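A.B. asks: The structure that follows is given in the form of structure tokens.
What follows draws every value from the coordinates through simple rules; no lab data is involved. Note that the coordinates shown come from a computational prediction; the quantities given were computed from them, not determined experimentally. So basically every Cβ, Gly included, is an ideal-geometry build from the backbone, and we count neighbours across all protein chains shown.
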Amino acid sequence: MNERQNGTDEEVVICLTTFPDSEKARQIGTVWVESQLAACLNLLPGVESIYRWEGKTERSAEVLAIVKTTRGRLPALEASLHELHPYELPEFLILTPDGGSSEYLAWVRQGTAYN
């Protein structure tokens, strides 16, 4: 079943961000799940990033985090990212799924419910 709550605080969204290593990704991801800023993270090590930074082409081995949360949690999640992340400019991209299993989306909402 496709379920979507466009633009509401309960709309499930996916955040993409990268970390310099698995340890830092696990550390910050655990903080987010324990504080209910995220219901779940998938950590994908072995990502190679190629990008321009300060006028030079750079390459870095990174860990990609796929973060499941809700729209209402995004401001606090982004603030936490900037507070805890070692990068000067951490990636923070938001994707909105077209739908998904009602049960899974409800689980994400439950996992990010305000205390």
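A.B. asks: Running a GNM on the chain with Cα contacts under 10 Å, which residue among ILE28, ILE50, ILE14 ends up with the highest mean-square fluctuation?
C.D. replies: ILE50
A.B. asks: Which residue fluctuates the most in the chain, going by a Gaussian network model with Cα springs under 10 Å, if the choices are SER22, SER102, SER80?
C.D. replies: Highest fluctuation among the options: SER102.
A.B. asks: Just want to confirm a number: the relative contact order over the chain, from Cα pairs under 8 angstrom separated by 6+ residues, in percent. Please list the in-between numbers first.
C.D. replies: Numbers: 210 pairs, mean separation 49.0, N = 115.
43 percent.
A.B. asks: Using the Kirkwood formula over every pair of different C-alpha atoms, what hydrodynamic radius in Å results for region 38-90?
C.D. replies: Values: mean 1/r = 0.0778 Å⁻¹.
Radius from the Kirkwood sum: 12.9 Å.
A.B. asks: Report D for region 54-115 in µm² per second (integer): Stokes-Einstein, Kirkwood Rh on Cα pairs, 37 °C, 0.692 mPa s. Mind showing how you got there, number by number?
C.D. replies: On the way: Rh = 14.2 Å.
The Stokes-Einstein estimate is 232 µm²/s.
A.B. asks: Could you identify which residue out of GLU23, GLU34, GLU88 has the top mean-square fluctuation in a GNM of the chain using Cα springs shorter than 10 Å?
C.D. replies: Top of the fluctuation ranking is GLU88.
A.B. asks: To continue, here is another question. Can you sort LYS56, LYS68, LYS24 by how many other beta carbons sit within 10 Å, fewest first? Provide the component values of the computation, followed by the final result.
C.D. replies: On the way: LYS56 7, LYS68 22, LYS24 15.
Least to most surrounded, the residues fall as LYS56, LYS24, LYS68.
A.B. asks: I've got another one for you. How much length, in nm to one decimal, is gained on full extension between TYR104 and LEU16, taken as 0.36 nm per residue of separation minus their Cα-Cα distance? Present the calculation step by step, with values, prior to reporting the outcome.
C.D. replies: On the way: separation 88, 0.36 × 88 = 31.68 nm, distance 1.87 nm.
Contour length minus the Cα-Cα distance gives 29.8 nm.
A.B. asks: Same structure, new question: Taking the Cβ of LEU89 as the center, what net charge do the other residues with Cβ under 13 Å away carry, scoring Lys and Arg +1 and Asp and Glu -1? Mind dumping the intermediate values first?
C.D. replies: Values: positive: ARG52; negative: GLU54, GLU58, GLU78, GLU88, GLU91.
Spelling it out: positives minus negatives among the neighbours equals -4.
A.B. asks: Let me ask something additional. Considering amide H positions built from the backbone, and no H for Pro or chain starts, which residues 5 or more places from CYS40, or on another chain, come under 5 Å of its amide H?
C.D. replies: So CYS40 has HN proximity to LYS68.
A.B. asks: For the chain, just the Cα set please: Rg and Dmax, both in angstrom.
C.D. replies: Answer for the chain, Rg first and Dmax second: 14.7, 47 Å.
A.B. asks: Suppose only helical runs count, i.e. DSSP H with n ≥ 4. What mean residue ellipticity at 222 nm does that imply for the chain under -39500 (n - 2.57) per run, divided by all residues and rounded to the nearest 500 deg cm²/dmol? Provide the component values of the computation, followed by the final result.
C.D. replies: Details: 3 runs with 34 residues, N = 115.
-9000 deg cm²/dmol, from helical runs alone.
A.B. asks: For TRP53, TRP107, which order do you get if you count the other beta carbons within 10 Å of each Cβ and list the fewest first?
C.D. replies: Numbers: TRP53 11, TRP107 15.
The most exposed by this proxy come first: TRP53, TRP107.
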